[in-house]
Structures are given as C-alpha cells and as structure tokens.
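> Pasting a structure here, questions to come.
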Amino acid sequence: MDVSEAIETRRAIRSFKKERPSKEQIKRILHAGHMAPSAGNLQGRDFIIIEEDSIKRSLSIAALGQTFIMEAPVCIVSCANTPRSASKYGSRAAMYAIQDASIAVMNMMLMARDLGLGTCWVGAFDENKVAEILGLPDGVRPVAIVPLGYPDEKPEAPPRLGDRIEHWNGW
Ligand SMILES: Cc1cc2nc3c(=O)[nH]c(=O)nc-3n(C[C@H](O)[C@H](O)[C@H](O)COP(=O)(O)O)c2cc1C
C-alpha cells in the first residue's frame with residue numbers, strides 16, 4: 001500500500017476482532033512511531049504497550065467508559081516526555097513533547113493501516129487517572145490512547161471541511 005492509499009483509507013476503528021496482531025506487527029508499528037520527526041530529534045515521547053485485560057479495562061473507565069478500548073487486543077499509549085525535550089528547549093519543551101508524541105501516533109496509525117490493522121485516536125480521558133494507571137513519572141503526560149487490532153467494521157469516511165479551512169497567504 002502506498003502512502004496516499006493509507007492516508008485515504010485509514011479510518012477510526014472502534015470495533016475489533018479477537019485475533020491478536022503479532023509481536024512483529026506491533027514492533028513494526030512502534031518502529032513507525034520511532035521514525036516520526038521530533039523537535040531536535042530529542043524524541044520527547046514514550047510508548048506504553050498494553051496487552052493486559054485488567055489494564056485495558058481501567059483505561060476504558062478512565063476514558064469515560066469507551067469500552068472499545070478493552071475490546072482491542074492491544075493499546076498503545078503515546079506519552080509526551082517534557083523533561084526529555086526540556087534538556088534543549090526550555091519553555092517550548094512542553095508543546096514540543098506533545099507534538100512529538102502526536103506525530104508518532106499518526107505514523108503508527110498509517111503503518112497499522114498498511115498492515116491491515118485498525119486504530120482509533122482516543123483523546124477523551126482523565127489524564128491524571130491514566131497517568132496513575134500506567135505509573136507515569138512526573139513530566140510524562142498521556143497524549144493519546146490508541147486501541148489496535150484487526151477491524152471488525154468498515155466505516156465510511158466522515159466528511160472534511162476541505163478548502164473552507166485553507167487560508168492561502170494569510171488568514
Ligand atoms: C485529538 C483527537 C481526539 C480524539 N478522541 C477520540 C475519542 O476519545 N474517542 C473516539 O472514539 N474517537 C476519538 N477521535 C477520533 C475521531 O473521532 C476521528 O478521527 C474523526 O471522527 C474522523 O474520523 P476518521 O479518523 O475515520 O477519519 C479523536 C481524534 C483526535 C485526532
């Protein structure tokens with residue numbers, strides 16, 4: 001699959017088959033995350049890979065009851081590591097770390113699509129609860145929970161605003 005096909009056909013998947021992605025597939029997806037750009041190449045991000053049902057259940061509760069999180073065989077939580085970015089970037093570090101963690105999610109979602117797997121960016125969660133569940137150290141913030149597995153649905157592409165949100169040469 002080429003990049004444009006992956007971009008066009010990736011959808012938020014909220015229903016998963018029981019079949020588990022292989023370790024090799026998960027490692028390829030993580031590698032795609034590592035290969036994403038980052039501010040100063042500091043890679044102000046960490047990925048927590050969750051396979052344990054009890055942890056997925058806790059995450060699903062922390063994510064306001066989004067139960068598809070616990071139905072996915074695997075979840076990857078992309079976290080912003082501000083201290084790592086702060087070694088070079090001071091007051092910009094918090095934002096850079098969020099950007100580093102976010103752009104890695106996009107790479108991972110596209111790689112998952114290429115491998116025939118589905119993902120959904122889950123951003124609606126209680127940040128403090130997720131940090132506690134995962135034992136995140138100070139300065140490391142969960143940015144996105146990404147359930148991952150074989151899709152059990154084929155959603156239509158939701159409409160985009162398109163050229164209404166393009167501003168050429170200024171607002
Ligand atoms: C920052 C962000 C937060 C999101 N949070 C959630 C969420 O908590 N739960 C959910 O089901 N989908 C969530 N989504 C997925 C969007 O609903 C989805 O990407 C959007 O409707 C467009 O659909 P598509 O991804 O299939 O193109 C989130 C996406 C982003 C980028």
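Read the figures in this text as sums done on the coordinates, not as results from a lab. Being a predicted model, the structure only gives us computed values, none of them experimental. We place every Cβ from the backbone using ideal geometry, glycine too, and count neighbours over all the protein chains shown.
> Treating the stretch 24-153 as a set of equal point scatterers at the Cα positions, no solvent, please give the Debye-formula log₁₀ I(q)/I(0) at q = 0.11 Å⁻¹.
-0.35
> Work out from phi, with θ = phi - 60° and the Karplus expression 6.51 cos²θ - 1.76 cosθ + 1.60, the ³J(HN,Hα) of each residue of the stretch 102-111, listed in order in whole Hz, and give x for Gly and Pro.
Result, ordered by residue: 6, 5, 5, 4, 4, 4, 5, 5, 6, 5 Hz.
> Under a point-charge model restricted to the Cβ atoms of Lys and Arg (+1) and Asp and Glu (-1), what is the dipole moment magnitude of the stretch 3-150 relative to its Cα centre, in debye to the nearest 20?
Around 160 debye, computed over the stretch 3-150.
> Can you work out the Karplus-derived ³J(HN,Hα) for every residue in the stretch 154-171? Use 6.51 cos²θ - 1.76 cosθ + 1.60 with θ = phi - 60°, whole Hz, and x for glycine or proline.
9, x, 5, 6, x, x, 10, 6, x, 5, 5, 10, 9, 10, 7, 6, x, 5
> Determine the gain in length on full extension of the stretch residue 51-residue 121; use 0.36 nm per residue of separation and subtract their C-alpha separation, reporting nm with one decimal.
Result: 23.5 nm gained on full extension.
> Further question on the same structure: When only C-alpha pairs under 8 Å and at least 6 residues apart count, what is the relative contact order of the stretch 1-151, in percent?
Over the stretch 1-151, the number comes to 36 percent.
> Could I have the simple spin-label model distance between residue 41 and residue 19, label points 7 Å from Cα toward Cβ, reported in nm to one decimal?
For the pair residue 41/residue 19, the computed spacing is 3.9 nm.
> Taking amide H atoms as placed 1.01 Å from N in the peptide plane, list the residues 5 or more away in sequence, or in a different chain, whose amide H sits under 5 Å from that of residue 139.
It is none; the list stays empty.
> Can you give me the distance in nm between label points at residue 31 and residue 6, each placed 7 Å from the Cα along the Cα-to-Cβ direction?
If labels sit at residue 31 and residue 6, their model points lie 1.2 nm apart.
> Treating only the Cα positions of the stretch 1-70 as identical point scatterers, give the base-10 log of I(q)/I(0) from the Debye formula at each q in 0.26, 0.27, 0.28 Å⁻¹.
Taken in order of the listed q values, log10 I(q)/I(0) reads -1.23, -1.22, -1.22.
> For the stretch 79-171, report the convex hull volume of the alpha-carbon atoms normalised per residue, in Å³, without decimals.
On the way: hull volume 16.1 nm³, N = 93.
Spelled out: Cα convex hull of the stretch 79-171, divided by residues, is 173 Å³.
> Could you derive backbone 3J(HN,Hα) for the stretch 74-91 from the dihedral phi with the Karplus parameters 6.51, -1.76 and 1.60 (θ = phi - 60°), listing whole Hz in sequence and x where the residue is Gly or Pro?
Each residue's phi maps through the Karplus curve to give 9, 10, 10, 9, 8, 10, 8, 10, 5, x, 5, 6, 5, 4, 10, 10, x, 5 Hz.
> Across the stretch 3-150, how many lysine pairs, 8 or more apart or on two chains, come within less than 26 Å at their alpha-carbon atoms?
Summing the qualifying lysine pairs gives 7.
> List the residues whose amide H sits under 5 Å from the amide H of residue 44, counting only those 5 or more places along or on another chain, with H placed 1.01 Å from N in the peptide plane.
Under 5 Å from the amide H of residue 44: 39.
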